[in-house]
Amino acid sequence: MPWTNYAETMLLEHTLGITNRTANRPASLHLAHLNADPGETGNQAVEIANSSRRTIDFGAPTVHSGPPDGQQCAGPSVLDSYNTAGWTDTSPITHFAIADAASAGNYLYYAPLDNQPHPFSAGDPLEIQIDAIKARLLDESGTSGILNMTQAQKAAWLNHLLRPAAGAFAFPTTVELSLHSANPNELGDSEFSGGGYARVAYGPTAVGSGPADFSEVFNAALKSFSNLQQTPLAFWGIFLDGTFTYSFDQADVTIAVGQGVEAAANVLRVAAK
C-alpha cells in the first residue's frame, strides 16, 4: 500500500526535526473510492463523483514479517457494510485511498482493489472485509544508502498518523548522527565511545523527490568525527532526542586508533516510499 508524496514528506519533515507537522495529524480517517490510480501525487480527480467517504479505524501496529520486514496497522476488525444510495457516478471502483478528511483534504495511502474493476449500481451495498486493508511501513534495506527506521519508531509513527486516539510522535529538538562498530539493533547498541567521539547534528536538507518514487533527505553538509578509539565503522545511526531511530548498514571501514572518519554532504540518505 504506497504512501503519497504528502505522507512521505510529513514523515521525513516531522521525524527529522525539519518542520513540526503535529498540526497535520488527522483527527479521523476516511476511505475514498476511486476509478483509477491516484498515483504518488494523490490525485483526487479520480475519486468517484458524489461518492461518500467511509470513516475507517485502524488497529494497533503489529509486526509484518517480510521480506521486507516492518510494521503494519490493519483496518476494521469487524465487517463494515454500507450503502451507495445517492452516488451518481457508478464508474467501476479500481482503487481506494485513505484520506485525512471526510472531503477534500489529503490522501495518505492508496492501493488497487484485489479484484478490480468492481462494478456497482447506485444503492448497491459495499463491504470492507475484516482486516482487508493494511497500511504498512516497511524496511528499505535493499535500497542503496538508506537509513532505516527502527521497528519501535515505525510503530510510533503509524500510531501518530493512523490512530488519532494514540500518542503523537514527539517532534525532536535534537537529531544526531552516530557511529556503530556492529549492528545497533533496536536500541543503538555498539556505539563508539571514548577519545574525541561525540554525536554530531545530522542537519538534513529539505525533502526532495528521489528515484523509484522515494521522497528523501540527505545530510546537508560534511560530517566529521575525529580521534576515534574503535574500529570498524559498520553502521551509521540517527538519534532523535536520545532515542535511536534510524540506522544504515555499510561495508566495514577500518579506522586506525586516533584517526577520524567523514561523510561528505548528500551521502547519508533517509527516504520514505
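Kindly provide the set of residues from the range 185-217 that are surrounded by fewer than 19 Cβ atoms within 10 Å (Cβ to Cβ), hydrophobic (A, V, I, L, M, F, W, C) and more than 25 Å from Met10 (Cβ to Cβ), ordered by number.
Selection gives Leu187, Ala198, Val200.
Among what's in the range 30-71 and is polar (S, T, N, Q) and within 18 Å of Gly167 (Cβ to Cβ), pick the residue that is farthest from the chain's Cα centre (by Cα). Can you show your working first?
If we filter the range 30-71 for residues that are polar (S, T, N, Q), which is where we start, we get 35, 41, 43-44, 50-52, 55, 62, 65, 71.
Cutting the leftovers down to within 18 Å of Gly167 (Cβ to Cβ) gives us 62, 71.
Values: Thr62: 15, Gln71: 10 Å.
Among them, the one singled out is Thr62.
Considering only the range 218-273, how many residues are buried (at least 17 other Cβ atoms within 10 Å of the Cβ), under 26 Å from Glu40 (Cβ atoms) and β-branched (Val, Ile, Thr)?
The number of residues fulfilling the criteria is 3.
When you go through (1) within 17 Å of the chain's Cα centre (by Cα); (2) modelled with pLDDT of 95 or more; (3) loosely packed, with under 15 Cβ neighbours inside 10 Å one by one for Asn159, which number turns out not to apply?
So Asn159 meets the others, but not (3).
Would you mind finding the one in Ala23, Ala27 that is closer than 15 Å to Leu161 by Cβ, assigned to a helix (DSSP H, G or I) and over 16 Å from the mean Cα position of the chain (by Cα)?
On the way: Ala27 fails: assigned to a helix (DSSP H, G or I).
Criteria check complete, one pass: Ala23.
Within the range 133-154, how many residues are hydrophobic (A, V, I, L, M, F, W, C) and at pLDDT below 90?
Pass one, the range 133-154, residues hydrophobic (A, V, I, L, M, F, W, C): 133, 135, 137-138, 146-147, 149, 152.
Then drop every residue that is not at pLDDT below 90, which leaves 138, 146-147.
Residues in the range 133-154 being hydrophobic (A, V, I, L, M, F, W, C) and at pLDDT below 90: 3 in total.
Show me the strands (runs of 3 or more DSSP E) found entirely inside the range 37-130 where at least 1 residues are surrounded by 17 or more Cβ atoms within 10 Å (Cβ to Cβ), among the polar types (S, T, N, Q) and modelled with pLDDT of 95 or more. Spell out the reasoning first.
On the way: elements: 62-64, 70-74, 80-83, 95-99, 107-112, 125-128.
Per the criteria, 70-74.
For residues in the range 6-32 being among the polar types (S, T, N, Q) and over 12 Å from Trp157 (Cβ atoms), which is surrounded by the most Cβ atoms within 10 Å (Cβ to Cβ)? Before the answer, list the steps.
Filtering the range 6-32 for residues among the polar types (S, T, N, Q) gives 9, 15, 19-20, 22, 24, 28.
Filter once more, keeping what is over 12 Å from Trp157 (Cβ atoms): 9, 19-20, 22, 24, 28.
Details: Thr9: 22, Thr19: 14, Asn20: 12, Thr22: 11, Asn24: 16, Ser28: 12.
Here the answer is Thr9.
Only one of these is more than 13 Å from Ile133 (Cβ to Cβ) and among the hydrophobic types (A, V, I, L, M, F, W, C): Ala85, Ala111, Ala74, Ala32. Name it. It would help to see each step written out before you state the result.
On the way: Ala111 fails: more than 13 Å from Ile133 (Cβ to Cβ); Ala74 fails: more than 13 Å from Ile133 (Cβ to Cβ); Ala32 fails: more than 13 Å from Ile133 (Cβ to Cβ).
Answer to the check: Ala85.
Could you give me the residue pairs with C-beta distances under 9 Å whose first residue belongs to the range 253-273 and is within 19 Å of Ala182 (Cβ to Cβ), whose second residue is modelled with pLDDT under 90 and assigned to a loop (DSSP other than H, G, I, E, B) wherever it lies, and which are 6+ apart or on separate chains?
Note: pairs meeting the criteria are Leu268/Gly145; Leu268/Leu147.
Can you tell me which residue within the range 1-20, out of those that are among the aliphatic types (A, V, I, L, M) and outside any loop (DSSP other than H, G, I, E, B), is farthest from Pro204 (Cα to Cα)?
Let us first name the residues in the range 1-20 that are among the aliphatic types (A, V, I, L, M), namely 1, 7, 10-12, 16, 18.
Filter again for outside any loop (DSSP other than H, G, I, E, B), leaving 7, 10-12.
Numbers: Ala7: 18, Met10: 14, Leu11: 13, Leu12: 10 Å.
By that ranking, first place goes to Ala7.
The values are calculated or read from the model by the stated rules, or taken from the named source; none is laboratory data. From a predicted model like this one, the values you see are computed outputs, not experimental measurements. Don't worry about glycine lacking a Cβ; one is built from the backbone with ideal geometry, like all the others, and counts go over all protein chains shown.
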